[in-house]
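Quick note: the coordinates plus some simple rules give every number you see, no bench work behind them. Computed from a prediction, not measured in an experiment: that's the story for all the values here. Counting neighbours? That spans all protein chains shown, and the Cβs are built from the backbone with ideal geometry, glycine included.
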Amino acid sequence: MSETLANLLKEERTFPPPAALAAEANVTDVAYQQAADDRLAFWETQARRLEWSKPWDQVLDWSNPPFAKWFVGGELNVAYNCLDRHVAAGNGDKVAIHWEGEPGDTRTITYADLLTSVSQAANYLTELGVTAGDRVAIYLPMIPEAAVAMLACARLGATHSVVFGGFSADSLSNRINDATAKVVITADGGYRRGKPSGLKSIVDEALKSTPSVEHVLVVRRTGQEVAWGEKDLWWHETVEQAATEHTAQAFDAEHPLFILYTSGTTAKPKGILHTSGGYLTQAAFTHHAVFDLKPETDVYWCTADIGWVTGHSYIVYGPLANGATQVMYEGTPDTPSKARFWEIVDRYKVTILYTAPTLIRTMMKWGADIPAAHDLSSLRILGSVGEPINPEAWIWYRETIGHGNTPVVDTWWQTETGAIMISPLPGVTATKPGSAMTPLPGITADVVDDQGKSVPNGGGGYLVLREPWPSMLRTIWGDDNRFVETYWSRFDGMYFAGDGAKKDDDGHIWLLGRVDDVMLVSGHNISTTEVESALVSHPSVAEAAVVGATDPTTGQAIVAFTIPRGNVDTSGEAGEALIQELRNHVAKTLGPIAKPRQIMLVAELPKTRSGKIMRRLLRDVAEHRSLGDVTTLQDSTVMDLIASGMKDSK
Ligand code: WT7
């Protein structure tokens, strides 16, 4: 990837932590030293944040790589650690969740309330015959019952498989069948963009081909009409009538906690399996360290959906294990207005905000005057996750949302890693906009070349993890071979993350996107991320997505889809002039080799529901093919918009 490296953004700004924050930080630079001196002892210390019914005999069993066992012989109950122990410690009245529905309805849920609901759900699931080791599919909107359902499964040792509420009946039935789930927990519907959208009807469709499902538990959220079959049970008539006391039983540290399917834009989705003790240890530690969570005073808000791993680790397990008070929001950021997020921050005095670059760029596009009209002074830490954050968006986030003095933590991790792996620590790290900086204490990440050799500072290649970590995936559900093949075969003895990365001159890590997103133009490797970054650095550009399209002369050619900022004139000649200007701008920023062959001005970009740009579809457009499967798109009309509204240059 040498060309890519030579072209990388020359980003030289650094932002040291505010002195007051550093002085009070949960984790200081001592942690790096402790972990370097004795990695396993470091993780043992972190595991002691949890309450174990039986201590472990061995920290890590790596005798059969890549199949790891952490905290061998230890026993705990994950839900007990998220609820009971806080209530037992006298924090039952503390707010666990400030929930806000999209229509504006709200619920305030204390730790004691949450424990009661989870106990009721555990009791009723037991009545339905759910026992430890069974799989339960959860297909719910962002309502508190989603967290309740997950924790009830955890409490019983049942393995949950949350399927994002926007997935199609097909995706749902595939996931139910892969895990042979016995029960499905859903709702009549949920609110999105001001309208109730149906979920139960999709479950009905999916259940035509899911022989394993015995019962469907349905939460009433919208009150819309639903068809009713003999497997269907209303949540309010069953769970909410069940006994409110439930004694949690301890399970082995390696007991399966959940399966979560990765987006899978091409191949069959992989059921990523996570287990209990190591997963909760790292989710809790990273939430404590990266967000500097002070459970007494902070109000934390992660804007992810519970259907993604971010929602699992940083809405449910990490924050609740740490006794945090958090905000949970059901809907979209522009309902009823584009100020919704900032109203929420102001209303609940949110102190820690964790969101995705795609949202940050959307907010940029909507304009700084929207957040400026709200009091965001409560914010003290800002997090980013999901894809590389370009320096412009990073700076905008810090300046416009974080009043110019709030640390931005760019957190790199994956569904597979279970928890944050590479990130600044807000009280320690002098951050660089666009860099995830350094592996967290206890994590050994590296960048290697084709041969698996560590690259020197200034070099680039593939991101790998050299040693097992507590919250690592244990396998792909039902497919150990694919687990070994996908992650452990590219480089000997290392986990291959599938991301390109570089080390800067100080050894800090910059993520470059998925390695499949590297283009080969006239024999030069150019990453889609850096061309996108160059485009977005132009004042007329709000967002950009870049793909490599087959080209008879250059092998691949760079094709860019660009969303202009709201105030930019794109009509007729002005549009043509802008396209030329942008091509030259990229050439000037990255070198002539990176000059896009073609730039299209579009109104929207196709994204998965987790916010990842679906480059596969854009490649179809760029190569004039008919479109492939669009069912995982967040908004399936986007591709029509692109095809019709395209301003093309050649
Ligand atoms: C892929 C994992 C981790 C929760 C959400 C996504 C990309 C994630 C960053 C970041 C650059 C990032 C990587 C990774 N990614 N965070 N901070 N900087 N890239 O989980 O759907 O499993 O996707 O997201 O490409 O491999 P996921």
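The chain: percent of C-alpha pairs farther apart than 46 Å?
Of all Cα-Cα pairs in the chain, 13 percent lie more than 46 Å apart.
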Practice task
Using the structure shown, select from Lys294/Lys365; Lys94/Lys231; Lys195/Lys607; Lys54/Lys453; Lys270/Lys502; Lys453/Lys595 the pairs with a Cα to Cα distance greater than 29 angstrom.
Solution key: Lys294/Lys365; Lys94/Lys231; Lys54/Lys453; Lys453/Lys595
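Using the C-alpha atoms of region 204-324, what convex hull volume per residue, in cubic angstrom, is computed? Walk me through the numbers on the way to the answer.
Details: hull volume 24.2 nm³, N = 121.
Cα convex hull per residue, to the nearest whole number: 200 Å³.
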Practice task
Have a look at region 461-616 and give its Rg and Dmax from the Cα atoms, expressed in angstrom.
Solution key: 18.5, 57
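Let me check against my output: what whole-number percent is the relative contact order of region 1-159, with C-alpha pairs under 8 Å and at least 6 apart?
Reported as a whole number, the value is 14 percent.
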Practice task
Please list the equivalent ellipsoid semi-axes of region 1-140, computed as the square roots of five times the alpha-carbon gyration tensor eigenvalues, in descending order and whole angstrom.
Solution key: 36, 27, 21
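Quick one: pull the percentage of alpha-carbon pairs in region 427-469 with a separation above 13 Å.
More than 13 Å apart: 62 percent of the Cα pairs in region 427-469.
Grab the eigenvalues of the alpha-carbon gyration tensor for region 374-437, scale each by 5, take roots, and send me the semi-axes largest first in whole angstrom.
That gives 21, 12, 12 Å for the three semi-axes.
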Exercise for the section: Counting residues in region 384-536 as N, plug N into 2.2 N^0.38 Å and put the Cα Rg over that result. Expected result: 1.07
Problem - Note, ³J(HN,Hα) from phi for region 165-170, Karplus 6.51, -1.76, 1.60, rounded to Hz, x at Gly and Pro - result: x, x, 6, 6, 4, 4
Practice task
Evaluate Rg over Rh across region 435-522, taking Cα atoms for both radii and Kirkwood's formula for Rh.
Solution key: 0.99
Handout entry: Options Gly478, Leu512, Val531, ranked by Cα towards positive dipole end of region 474-538, top entry (Cβ charges)
Key = Gly478
Practice task
May I ask for log10 I(q)/I(0) of region 276-337 at q = 0.26 Å⁻¹, from a Debye sum over the Cα atoms as equal point scatterers with solvent left out?
Solution key: -1.09
Exercise for the section: Could I have the simple spin-label model distance between Glu225 and Thr180, label points 7 Å from Cα toward Cβ, reported in nm to one decimal? Expected result: 3.8
Practice task
Mind giving me the nanometre distance, one decimal, between the label points for Asp29 and Lys294, set 7 Å out from Cα along Cα→Cβ?
Solution key: 2.3
Exercise for the section: Extending each Cα 7 Å along its Cβ direction at Lys365 and Ser377, get the distance between those two points in nm, one decimal. Expected result: 3.3
Exercise for the section: Would you calculate, for the chain, the mean residue ellipticity at 222 nm contributed by helices, counting each DSSP H stretch of 4 or more residues as -39,500 (n - 2.57) and dividing by all residues, to the nearest 500? Expected result: -8000 deg cm²/dmol
Exercise for the section: Would you please name the trypsin sites (Lys or Arg not before Pro) within region 26-126 that are DSSP coil residues with at most 16 other C-beta atoms within 10 Å of their C-beta? Expected result: Arg48, Arg49
Handout entry: Relative contact order %, region 440-592, counting alpha carbon pairs below 8 Å whose residues are six or more apart
Key = 15
Completion exercise
Quick numbers on region 247-405, Rg and Dmax over C-alpha atoms in Å, give 17.0, 52
Problem - Label-reachable residues, region 70-109, where backbone N falls under 12 Å from a point 7 Å from Glu51's Cα toward its Cβ - result: 77-92
Handout entry: Cross-link partners of Lys69 among aspartates and glutamates (Cα-Cα below 14 Å; sequence separation of 8 or more within a chain)
Key = Glu44, Asp57, Asp61, Asp252, Glu254, Glu467
Practice task
Please turn the phi angles of region 116-127 into ³J(HN,Hα) values with the Karplus equation 6.51 cos²θ - 1.76 cosθ + 1.60 (θ = phi - 60°), one per residue in order, whole Hz, x for glycine and proline.
Solution key: 4, 4, 5, 5, 4, 5, 5, 5, 6, 4, 4, 4
Completion exercise
The extension gain from Arg107 to Ala36, computed as 0.36 nm times the residue separation minus the Cα-Cα distance, is 21.1 nm
Completion exercise
Note on region 540-582: contact order normalised by length, alpha-carbon pairs under 8 Å, 6 or more apart, percent, works out to 35
Exercise for the section: Go ahead and run the numbers for FRET between Glu44 and Thr126, Cβ-Cβ distance against an R0 of 35 Å, rounding to 0.05. Expected result: 0.55
Fill in the blank from the handout: For Glu543, the residues 5 or more places away or on another chain with a placed amide H closer than 5 Å to its own amide H are Ile563
Exercise for the section: List every residue whose amide H lies under 5 Å from the amide H of Asp551, counting only residues 5 or more places away in sequence or on a different chain, with H placed 1.01 Å from N in the peptide plane. Expected result: Gln556, Ala557
Completion exercise
Among Ile176, His236, Tyr191, the residue whose Cα sits farthest towards the positive end of the charge dipole of region 140-241 (+1 at Cβ of Lys and Arg, -1 at Cβ of Asp and Glu, taken about the Cα centre) is Tyr191
Fill in the blank from the handout: Going residue by residue through region 528-545, the Karplus relation 6.51 cos²θ - 1.76 cosθ + 1.60 with θ = phi - 60° gives ³J(HN,Hα) values, rounded to whole Hz and with x marking Gly or Pro, of 4, 4, 6, 5, 4, 4, 4, 5, 5, 6, 7, x, 8, 10, 8, 8, 8, 10
Problem - Stokes-Einstein D for region 161-251, Kirkwood Rh over Cα pairs, 20 °C, 1.002 mPa s (µm²/s) - result: 152
Completion exercise
The farthest towards the positive end of the charge dipole of region 1-121, of the residues Val118, Thr28, Asn64, given +1 on Cβ of Lys and Arg and -1 on Cβ of Asp and Glu, is Asn64
Completion exercise
Ranked on Cβ counts within 10 Å of their own Cβ, fewest leading, Lys208, Lys432, Lys365, Lys268 go Lys208, Lys268, Lys365, Lys432
Practice task
May I ask you to compute the full-extension gain from Asp61 to Asp506, defined as 0.36 nm times their residue separation minus their alpha-carbon distance, rounded to one decimal in nm?
Solution key: 156.8 nm
